Structures are given as structure tokens and as C-alpha cells.
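Below is one structure, written out as C-alpha cells; comments come after it.
A short reminder: the numbers here are calculations on the coordinates, not readings from a lab. In this text, all values refer to a predicted model and were calculated from it rather than measured experimentally. Note that we place each Cβ from the backbone using ideal geometry, even for glycine, and neighbour counts take in every protein chain shown.
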Amino acid sequence: MPHFVVDCSQGILQIHDEESIITRLRRVVSASGLFEESDIKIRIRPFGVYAAGSGREDFIHTFAWIMQGRSVEQRAVLSKAIVSELTEMFPLLPRIAANIAEFEQATYFNRAMM
């Protein structure tokens, strides 16, 4: 935990590949100080078929799921840092966004907890 899933148009991977996006996002997320480096998970999901706006405009949206316990301010700062980093990587891309959602600690369970 945490999980960062990057949905994007296939076309943006011609500018930066998955590895470079993951590397840069890992650095930003780690620099937030909210997570242990070894716990950060990042995945890229490119789409070849999609609709955005009035047609097929390239996009990148980072969805994050983290364990509850961080303040709204901490989550907002993290979202802004992610969007800022992606904007630096893709300066001509108008559709860049991020959002942070929380796992409920009471209902979260994984294999290590067995």
C-alpha cells in the first residue's frame, strides 16, 4: 500500500515510456514523506480506444488509493505534486489530473494479515 494507477492514452507513451513515468512518480510519492518507499506500488494502464472531450484528446489521470489516516491537506498536496510532475513531463498535454481515495482500515485485508 499505497497503490497508484495511471490511466492514459496510448499516444503519450511516445513522449515518455512507462518506466520513466513510474520512476518520476515514485520519486514524487516518496518525497511526500507519507509512505515507506518499499510500500509504493505504481501501475500504468494505457488505452488505445477511448473518448476524451469531443474526440480523442490525449490524457493522463492518476488514481491513488491509500490507507486512511492522512489529512485532506496531505492528500491535496500529494495530488498537486503528482499533477505538477506530470505537467513537467508532458507540457503540451492539457488533460492531466490526479485524485486520492482512501481504503477503510477496518475493512482492508491482505495476505500478510492472515
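Inclusion of residue 26 among residues that are surrounded by fewer than 12 Cβ atoms within 10 Å (Cβ to Cβ) and within 12 Å of the chain's Cα centre (by Cα) is not warranted.
Hey, among 38, 30, which residue is within 28 Å of residue 68 (Cα to Cα), among the small types (Gly, Ala, Ser), in a helix (DSSP H, G or I) and touching a helix residue (DSSP H, G or I) at 6+ places or on another chain (Cβ under 9 Å)? If you could, list the steps in order and put the result at the bottom.
Working: 38 fails: touching a helix residue (DSSP H, G or I) at 6+ places or on another chain (Cβ under 9 Å).
The match here is 30.
For the stretch 60-114, a tally of residues being under 18 Å from residue 39 (Cβ atoms) and not in a loop (DSSP other than H, G, I, E, B) returns 18. For the stretch 93-113, the set of residues classified as closer than 24 Å to residue 46 by Cα and either of a type in the set (S, T, N, Q) or in contact with a Cys (Cβ under 6 Å, 6 or more places away or on another chain) (or both) consists of 99 only.
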